[in-house]
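Working notes, beginning with the structure itself.
The values are calculated or read from the model by the stated rules, or taken from the named source; none is laboratory data. These numbers come from a predicted model, not from an experiment. A quick note on method: Cβ atoms are made from the backbone with ideal geometry, for glycine too, and the neighbour counts reach across all protein chains shown. Ligands, DNA and RNA are excluded from the accessible area calculation, which covers all protein heavy atoms including side chains. Shrake-Rupley method; radii C 1.70, N 1.55, O 1.52, S 1.80 Å.
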Amino acid sequence: MQLAGAITALVTPFKNGSIDEEAYRQLIEWQIEEGIDGLVPCGTTGESATLSHEEHEKVISICIDQVKKRVPVIAGAGSNNTAEAINLLRFAKKAGADAGLMITPYYNKPTMEGVFQHFKAIAAEVTLPMVVYNVPGRTGSNVTAQCMARMVKEIPTVVAAKEASGNIVQISDYMELCGPKFSLLVGDDFVVLPAMAMGCKGVISVSSNIAPRLMHEQCQAFFDGDMAKARDIHYKMAPINRACFLETNPGPVKTALAIMGKIPNGEMRLPMVPISQENEKALRNILAESKLI
């Protein structure tokens with residue numbers, strides 16, 4: 001298993017308040033057809049915060065079943081409750097996931113020692129590769145490079161990280177202290193190219209929900225040493241990235257997928273609400289200019 005390239009943090013389609021399994025399977029199939037390098041069910045973009053435990057398991061199971069080992073599946077399994085995270089990762093392993101995406105404890109704001117002990121405790125109970133997910137804008141705390149390097153050294157199942165601070169200096173610090181063999185995946189679509197230039201292996205992306213081929217080709221061009229092509233795609237992706245964050249994720253990207261006809265609607269669960277008419281208009285314009293519709 002190689003965690004590299006363009007990996008999509010999938011949306012979870014809903015229909016009348018329930019998971020739309022048919023739409024979800026079709027979206028997964030389209031992603032694979034477009035060349036995506038991996039998939040993440042039940043991440044932030046998948047509205048994991050408003051899924052029941054039963055729904056959480058269903059979404060992961062559907063994804064694994066539809067993928068059928070064609071690309072890696074990194075199942076969202078994190079929690080700010082260590083015991084709950086253990087149970088979620090245990091299910092992901094049983095279901096056949098290749099790894100677990102483990103968000104750092106949110107709201108609690110633990111010390112770096114607390115973060116380390118959280119992941120150490122999970123690893124002691126479940127032997128499934130973990131991708132540590134650092135997203136301080138949502139968790140309220142930031143994993144330092146020193147803490148990440150300690151986890152990489154002392155916790156064998158910490159095999160990768162999703163670094164979504166958007167801080168180029170911190171990405172550099174992670175690579176410096178964790179070493180070139182560490183699979184660091186950037187979690188901010190705007191800095192994929194510069195992050196890969198510093199050693200990142202790819203991206204766990206929101207924008208690749210709507211532009212999987214472009215994001216894959218950007219990563220592949222970089223790996224192939226074609227910097228001119230990678231840079232060209234970087235600038236093609238720039239307006240698409242802006243479109244996906246006109247409002248809080250996943251509102252814009254779900255709306256975009258509905259406009260593109262990839263899911264029946266952009267339905268979300270409260271407290272998420274439909275994007276404004278003004279932003280939907282701007283979104284449609286960018287999709288048209290980017291030839292996505």
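Things worth noting here:
- Estimated from helices alone, the mean residue ellipticity of the chain at 222 nm is -14500 deg cm²/dmol (sum of -39500 (n - 2.57) over DSSP H runs with n ≥ 4, per residue).
- The charge dipole of the chain, taken about its Cα centre with unit charges on the Cβ of Lys, Arg, Asp and Glu (plus for the first two, minus for the last two), comes to roughly 220 debye.
- DSSP-defined beta bridges in the chain - what % are antiparallel, rounded to 5: 5 percent
- Taking only protein heavy atoms and a 1.4 Å probe, the accessible area of the chain is 51% carbon and sulfur.
- If you wrap the tightest convex hull around every Cα atom of segment 110-190 and split its volume per residue, you get 89 Å³.
- Values of log10 I(q)/I(0), in the order q = 0.13, 0.34 Å⁻¹, for segment 248-293 under a Debye, Cα-only, solvent-free model: -0.26, -1.31
- Stretching the chain fully between V273 and Q146 yields a gain of 41.9 nm (0.36 nm per residue, less the alpha carbon separation).
- For the set S205, S172, S183, solvent exposure ranked by accessible area (probe 1.4 Å, protein chains only) runs largest to smallest as S172, S183, S205.
- Counting only protein heavy atoms and a 1.4 Å probe, the chain has 42 square angstrom of accessible area per residue.
- The fraction of all Cα pairs in segment 11-81 landing in successive 10 Å bins from 0 to the largest distance is 20, 57, 21, 2, given as whole percents.
- Lys/Arg +1, Asp/Glu -1 at C-beta; the chain dipole; positive extreme among I7, A49, F222: F222
- Convex hull (Cα only) mean projected area of segment 71-144, reported in nm² to one decimal: 4.7 nm²
- Taking the square roots of 5 times each eigenvalue of the Cα gyration tensor of the chain, largest first, gives ellipsoid semi-axes of 27, 23, 17 Å.
- Relative to one another, the C-alpha centroids of segment 42-56 and segment 85-115 are positioned 14 Å apart.
- G17 sits among other residues whose Cβ lies under 9 Å from its own Cβ, and their net charge, with Lys and Arg +1 and Asp and Glu -1, is +1.
- 21 Å tail of the calculated P(r), segment 20-155, as % of Cα pairs: 40 percent
- Here segment 127-248 is described by how far its Cα atoms reach on the three principal axes: 40, 34, 28 Å, from widest to narrowest.
- Each of C219, C178 has its accessible area taken with a 1.4 Å probe; listed largest first, they run C178, C219.
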